[in-house]
Amino acid sequence: MACPEKSDLIEAYADGELDLGSSLEIERHLADCKDCAAVLEGHRALRSALGTASLYHDAPAQLSSRVRAAVRKQEKVFAASPFFGWRWLAVAAPVISLVILGWSLVTVSRMPSSEDLLNQEIVSAHVRSLMAAHLTDFPSSDQHTVKPAFNGRIDFSPEVKDLASEGFALIGGRLDYLDRRPVAALIYQRRKHLINLFIYPAEDGAGERAVETSLRGYNLIRWTRAGMRYAAVSDLNLVELRSFQQALQE
Amino acid sequence: MDPAELKRFERTFLPHMSAAYNLARWLTRSDQDAQDVVQEAYLRAVRFFGGFRGGNSKAWLLSIVRNAGYTWLQRSQAHGTTVSFDEQLHDVEDRSQGPEMELLQRATRQDLLAALEALPVEFRETLVLRELEGLSYKEIAEVGGLPIGTVMSRLARARRILGQVLSERGTKED
């Protein structure tokens with residue numbers, strides 16, 4: 001005879017519904033109590049029989065479209081306007097195809113531009129760098145240590161400025177990957193806010209106007225200077241991020 | 001409802017179509033009735049959609065399917081096709097009588113289908129939600145509007161009755 005008060009608990013244990021403490025208690029009990037162990041065995045056998053017997057009834061293929069149609073009919077989404085009744089379909093067809101064409105044009109023009117994609121990539125790289133132990137490959141507040149650290153790791157030499165006097169402490173450098181190429185990342189800190197400054201050569205060399213944008217709560221400024229592209233990204237407010245950019249340019 | 005809202009409704013609930021049908025099928029034990037119940041449930045769901053505050057959409061939908069299913073059962077009960085249910089009456093006296101292992105190993109899919117269909121509906125639905133849908137006790141409680149303790153005891157009883165039904169069938173065949 002299984003222990004009456006334990007019986008439900010044994011099932012809950014087998015169903016994985018008990019907290020760790022209770023599970024351990026049941027396990028200890030099972031070791032001593034043959035009846036409860038038999039209950040557990042039976043429970044497992046039943047579960048495995050039910051599990052392998054494919055008793056699940058999958059929805060018939062046409063049910064989904066039937067339900068959709070019923071819901072739409074009830075909600076009168078298409079029936080609300082006479083233009084969308086079936087009777088009007090022949091008349092409305094050219095209009096509908098124009099609408100679809102227009103919609104697809106809008107969709108195409110709303111596709112993210114390469115600019116947007118780059119901005120998203122920069123913000124993602126920033127966020128990733130803030131995740132555990134990825135921020136710096138070579139932590140150092142000394143620009144003369146950080147700069148040589150890039151030698152031989154990338155095929156260009158980024159300018160590394162010490163901006164401690166302007167209130168932006170250099171805390172290290174890192175290799176990252178952006179815009180389909182390895183880039184230098186310099187990490188600066190302002191109070192509790194970290195700034196990632198990405199630097200890489202501008203392939204086309206052309207001067208490009210500075211871009212300011214805000215994405216997922218992060219501020220981002222991109223600019224080109226002396227054949228190099230720069231991107232500064234941080235949760236720092238835009239005004240201070242601008243002064244960071246200016247300090248770099250001086 | 002505007003089209004965007006309808007799209008959101010469809011995106012949220014159409015993926016649970018099979019779960020809805022499975023539960024309805026086990027409640028009504030008939031394909032055609034299950035399809036009607038599912039359709040009725042979705043029509044109710046879209047009406048109540050404004051009150052859906054996110055969260056567990058599957059449990060939310062299944063609780064509506066369950067209600068629609070019970071309404072259907074009551075209606076057909078008026079025509080005398082279902083048995084009444086009494087928790088005490090359906091309690092099994094000997095709690096040690098779990099399903100015998102050997103019997104379970106011999107049970108065919110047909111045996112299990114028949115045994116599960118023969119369970120009183122409250123036990124049947126709890127077991128289906130647990131074993132076929134893989135819902136947690138908490139989710140089953142949400143679907144059934146029951147305390148978790150009741151879910152636990154119904155599951156325990158359901159399993160015991162199922163074992164008993166199977167062993168009766170087994171004895172008959174021997």
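With the condition kept exactly as written, say whether any residue in region B:38-57 is more than 14 Å from chain A (Cβ to nearest Cβ) and within 26 Å of A:A61 (Cβ to Cβ). Don't jump to the end; show me each part of the working.
From region B:38-57, those more than 14 Å from chain A (Cβ to nearest Cβ) are B:51-57; that's our starting set.
Checking which are within 26 Å of A:A61 (Cβ to Cβ) leaves us with B:57.
Yes; the residues of region B:38-57 include at least one that is more than 14 Å from chain A (Cβ to nearest Cβ) and within 26 Å of A:A61 (Cβ to Cβ).
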For residues that are at pLDDT below 55 and of a type in the set (F, W, Y), tally how many sit in region B:57-105. 1
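Out of region A:119-175, which residues are touching a residue at least 60 places away in the same chain (Cβ under 8 Å) and outside any loop (DSSP other than H, G, I, E, B)? Full working, then the answer.
Here is the first cut: in region A:119-175, the residues touching a residue at least 60 places away in the same chain (Cβ under 8 Å) are A:119-120, A:122-123, A:125-127, A:129-130, A:156, A:158-159, A:161, A:163, A:166, A:168.
Within region A:119-175, A:N119, A:Q120, A:I122, A:V123, A:A125, A:H126, A:V127, A:S129, A:L130, A:L163, A:E166, A:F168 meet the criteria.
Taking the condition more than 19 Å from the chain's Cα centre (by Cα) and closer than 19 Å to A:Q62 by Cα, does B:E10 pass? Walk me through it before giving the result.
Numbers: more than 19 Å from the chain's Cα centre (by Cα): yes; closer than 19 Å to A:Q62 by Cα: yes.
In short, yes.
For region B:1-37, name all the residues that are of a type in the set (V, I, T) and either at the interface with chain A (Cβ under 7 Å from one of its Cβ atoms) or closer than 13 Å to A:V71 by Cβ (or both). Give the steps one after another, and end with the answer.
Keep residues of region B:1-37 that are of a type in the set (V, I, T), which gives B:12, B:28, B:37.
Across region B:1-37, the qualifying residue is only B:T12.
Does B:R157 fit the bill of being closer than 16 Å to A:I10 by Cα, more than 7 Å from every other protein chain (Cβ to nearest Cβ) and either without any contact (Cβ under 8 Å) to a residue 60 or more places away in the chain or touching a helix residue (DSSP H, G or I) at 6+ places or on another chain (Cβ under 9 Å) (or both)? Walk me through it before giving the result.
Details: closer than 16 Å to A:I10 by Cα: yes; more than 7 Å from every other protein chain (Cβ to nearest Cβ): yes; either without any contact (Cβ under 8 Å) to a residue 60 or more places away in the chain or touching a helix residue (DSSP H, G or I) at 6+ places or on another chain (Cβ under 9 Å) (or both): yes.
Answer is yes for this residue.
Could you count how many residues in region A:14-66 are hydroxyl-bearing (S, T, Y), within 11 Å of another protein chain (Cβ to nearest Cβ) and surrounded by 13 or more Cβ atoms within 10 Å (Cβ to Cβ)?
So the first thing to find is which residues in region A:14-66 are hydroxyl-bearing (S, T, Y), and the list is A:22-23, A:48, A:52, A:54, A:56, A:64-65.
From the residues that got through so far, the ones that are within 11 Å of another protein chain (Cβ to nearest Cβ) too are A:48, A:52, A:54, A:56, A:64-65.
Add one more test, that the residue is surrounded by 13 or more Cβ atoms within 10 Å (Cβ to Cβ), and what stays is A:56, A:64.
Of the residues in region A:14-66, 2 are hydroxyl-bearing (S, T, Y), within 11 Å of another protein chain (Cβ to nearest Cβ) and surrounded by 13 or more Cβ atoms within 10 Å (Cβ to Cβ).
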In region A:215-239, what residues are at pLDDT 90 or above and polar (S, T, N, Q)? A:N219, A:S234, A:N237
Any residue in region A:207-217 that is in contact (Cβ under 8 Å) with a residue 12 or more places away in the chain and under 23 Å from A:Q143 (Cα atoms)? no
Is it the case that region A:10-20 has a residue that's under 41 Å from the mean Cα position of the chain (by Cα), at pLDDT 90 or above, of a type in the set (S, T, Y) and closer than 25 Å to B:L112 by Cα? yes
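The values are calculated or read from the model by the stated rules, or taken from the named source; none is laboratory data. All of these numbers come straight from a predicted model, not from anything done at the bench. Positions of Cβ are generated from backbone atoms using ideal geometry, with glycine treated the same way; all protein chains shown enter the neighbour counts.
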